[in-house]
Structure formats: C-alpha cells, structure tokens
Amino acid sequence: MDVLRLVYRMMGRISTFRSYQFVLLLAAALAVVAFYYFGSEKHNFSSTTKRIKQTQANHNTNRNDADLTIDTVFSHLEEERGGAGEQDGLVTRKQNDEAVDQRYHLLMMFTKVDKNRSLQDKFRVAMLSLVKHGRFLHGEVLALHFVSDPASKEMGEKMLQELLVDATFKYEVLFHDVATLTQKLFPIVEAMQKHFSAGSGAYYSDSIFFLSVAMHHIMPKSITRIVQVDLDLKYRTNIKHLFQEFDHFTPGAVIGIAREMQPVYRHTFWQYRKENPQSKVGDPPPEGQPGFNSGVMLLDLGAMRASALYNELLKPSNVAKLADQYRFRGHLGDQDFFTMIGMEHPELFYSLACGWNRQLCTWWRDHGYGDVFQLYYRCDGPVYVYHGNCNSQIPDD
C-alpha cells in the first residue's frame, strides 16, 4: 500500500511538472510574439518621431534664417521620401544632392478671417476650386503659405482639414505670424507707405500690404520663386500652369503681374496726365499703360535679390522722387508701388495674360468712367482665374 501511494504521488508530481512545463513554454512563446510585435511597433514609433524631429529641425532652420514664425500645421506627404532637406529653389534636396521633392510655393494673406464671414466664403471657393483642378506629378509638393493672426490661424486649420480632403496631390500647410512679418517689413517699406497707403499717414500695420515688395528680403534665400494671390479667386485650371509662367519671364523681369482692368490709374494719375497730355500713363491697352493689379503675382525672389535696379528703387529717396515726378498718391499698397515703377521701368515686369487675373469689379464704370470702361475691362482669350474683387459675384462655371 505504501509503495502504491508513493507511485501515485510521483505520478502526480510528474503531471504537475508537465503542466508547469507547458505553462513555461506557453509564456515563452507569448514573449517571443510580444517581442516581435511590440518591438516592431516601438521601432516604427521611434522612426516616426525621428522623422518629425528632422522635419521640425528643418523648419526651425528656415525660421531662424528668415526671422519668421513658421508653423507647419499639417501635410499630405509620402513618408517614404525620408526627412526634409534644405530647399534649393523649388527643389528640396538631400545632402547627397539626390532630388527629393519639388516645391511650388503659394502665399495668401489670411488675417481677420475669423471675424469676417465673407472672407471665409471666398476662401472656401478659392480652395475648393484649387483642389478640384490641381494636378502635380509624383515628387512635387504644393507648399501653401498663409500670413495670419492667431485667431484666423485657428480657424484656417479647421477649414483646411475639410477643404483639402479631396486633394490628389501632395501639399504642406505653413502659417506665418503676421505680427512678426510686420515687424520685419516696417523698416524696409515705411518710407513708401505715406505714398501708397489709405489714410493720412503711414501706419505700422499697413506694412503687411507691402509684403510682396520686400518678399525677397523676408523669405529664406532657399526659396527663389513664390506666387502670391488674393483670397477672392476662383481657379478654372491647374494652379501648376500658373507657376510655369515663370519660364516665360523676359530678361530683367523680376515680377509677373496682370494689368489693372479698370480705369483706376487713369483717375489716380489725373494731375500727371493733365500736365503731360501726350503721355500713355493711365491709358487703356494695348498702347496705353493702365497699371497693374496685385490679385495674382509671380515673384521671382532670386531675380529680385539680384536686380540692382529693383533694389535701388526701394530706397526712400527714389520712392519719393518718383512719387513727386508722377504726382502720385495712392491707397492700394504694393499694387500702387508696382504700377508707379512700371511706368518708368516696364522691363522689370512680365505681363501676365488677363485670363490669369480676370478681374470682375465694375465700380469705376458707375463712377465717372462709363464711356471708357470697356476699353480697360475687355479680356480676350481663355479665363484661367476669376478675381471677385470689390465683392463681385464670381460665375458658377
């Protein structure tokens, strides 16, 4: 009996041992699975964190270079492209000079939008039409720059999450702080503000309306081309085609811009025209000089930096000299400045076809210039971009 009990006891211990052994084997197997699964997740998380840090480091470099507050809010980029590299013109490159992404820089003023429902509606039309027609090749990125105040930025982030959802191209969204930009601009453009700003004096806040004039001093030197547009636009073609107009710039041209399509400058230059009746200043196209409209501008920042003539014209003494010569007093900011120097130095400008900035405003037709209005307003050829300036209704097509 004692032997039998001993045998049963030993068999129980063996059974217990085998159960324990099985538990150990099961735990080991689970540990292996966890190692590969969670270890892989940890690797992916670390890689993603590294990419974020690399991207942020690159943006910080640009911020320091330009003394700007630049926040990349979100992007739609292929992660496989690796970390962001230093921009060389429109092309982002790695250190080994292997091309990574070609960037097309598009900038819009986006201030006080949070308080203005009309601006919000215009922005919606602009972005939805841009996304509808926008087409870019693999390896190309549309960089969307917005100059904004904090409240408008917050609204813009929310709106863009919705408005860009159907984009078939890669993009990134960058917000620039308007206060920082204004501080940077003021000493450069202060002297010209009294000639081309609304009101009786040059206000500090007015400086932002001259951003395009001094963009080549503000943006990082690595950005050599940028397109600045108003919010009240509707695109009818691929925005990439607008960037291709840079390739048609004539020698010496630094800015691409369309003519003004109302007799604004026929009115503004009235005294000069009276003193110089044979002048073409303010006359309608094709022989006249009707001035420019800044709703769509192609800024060749590299050419602007390299042009001794253009930078000479920015000097306060030369601004005052030309303003006195043309008896000029405007209120449209950068548009007035470009119009004035264009009267004297048309070679600095590449003339965009009116279809790239088909202005719809008819205000001057009903304010004293109805007899000549159509001479300015007429635009032959296809329309690529509608411009609903002075709150004009944009066609649904």
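The values are calculated or read from the model by the stated rules, or taken from the named source; none is laboratory data. Since the model is a prediction, treat every value here as computed from it, not as a measurement. Counting neighbours? That spans all protein chains shown, and the Cβs are built from the backbone with ideal geometry, glycine included. Note: accessible area is taken over every heavy atom of the protein model, side chains too, but ligands, DNA and RNA are not part of it. Shrake-Rupley method; radii C 1.70, N 1.55, O 1.52, S 1.80 Å.
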Q) How many residues does segment 114-146 contain that are out of contact with any His (no Cβ under 6 Å at 6 or more places or on another chain), without any contact (Cβ under 8 Å) to a residue 60 or more places away in the chain and crowded, with 19+ Cβ neighbours inside 10 Å? A) 4
Q: Being under 25 Å from residue 391 (Cα atoms) and within 21 Å of the chain's Cα centre (by Cα) is the filter; apply it to segment 280-314 and report the residue that is surrounded by the most Cβ atoms within 10 Å (Cβ to Cβ).
A: 292
Q.
Regarding segment 292-299, can at least one residue be identified that is assigned to a loop (DSSP other than H, G, I, E, B) and under 23 Å from residue 358 (Cα atoms)?
A. no
Q. Can you find even one residue in segment 305-322 that is among the basic types (Lys, Arg), closer than 28 Å to residue 216 by Cα and touching a Lys or Arg at 6+ places or on another chain (Cβ under 9 Å)?
A. yes
Q) Does residue 388 satisfy the criteria of being open to solvent by less than 40 Å² (accessible area, probe 1.4 Å), touching a Leu at 6+ places or on another chain (Cβ under 8 Å), touching a residue at least 24 places away in the same chain (Cβ under 8 Å) and within 22 Å of residue 128 (Cα to Cα)? A) yes
Q) How about segment 349-397: which of its residues are of a type outside the set (S, T, N, Q) and in a helix (DSSP H, G or I)? A) 354, 355, 356, 363, 364, 365, 366, 373, 375, 376, 377, 390
Q | Residues located in segment 271-291, provided they are in contact (Cβ under 8 Å) with a residue 40 or more places away in the chain and outside any helix (DSSP H, G or I) | A | 281, 284, 285, 289, 290, 291
Q: Could you run through segment 330-348 and say how many residues are of a type in the set (A, V, I, L, M), over 18 Å from residue 279 (Cα atoms) and outside any loop (DSSP other than H, G, I, E, B)?
A: 1
Q. Among the listed residues 253, 323, which satisfies the condition of being hydrophobic (A, V, I, L, M, F, W, C), at pLDDT 95 or above and more than 19 Å from the chain's Cα centre (by Cα)?
A. 253
Q) Pick from 366, 371, 336: which is under 29 Å from the mean Cα position of the chain (by Cα) and charged (D, E, K, R)? A) 336
Q: Have a look at 185, 181, 107 and point out the one that is within 30 Å of residue 323 (Cβ to Cβ), in a helix (DSSP H, G or I) and within 16 Å of the chain's Cα centre (by Cα).
A: 181
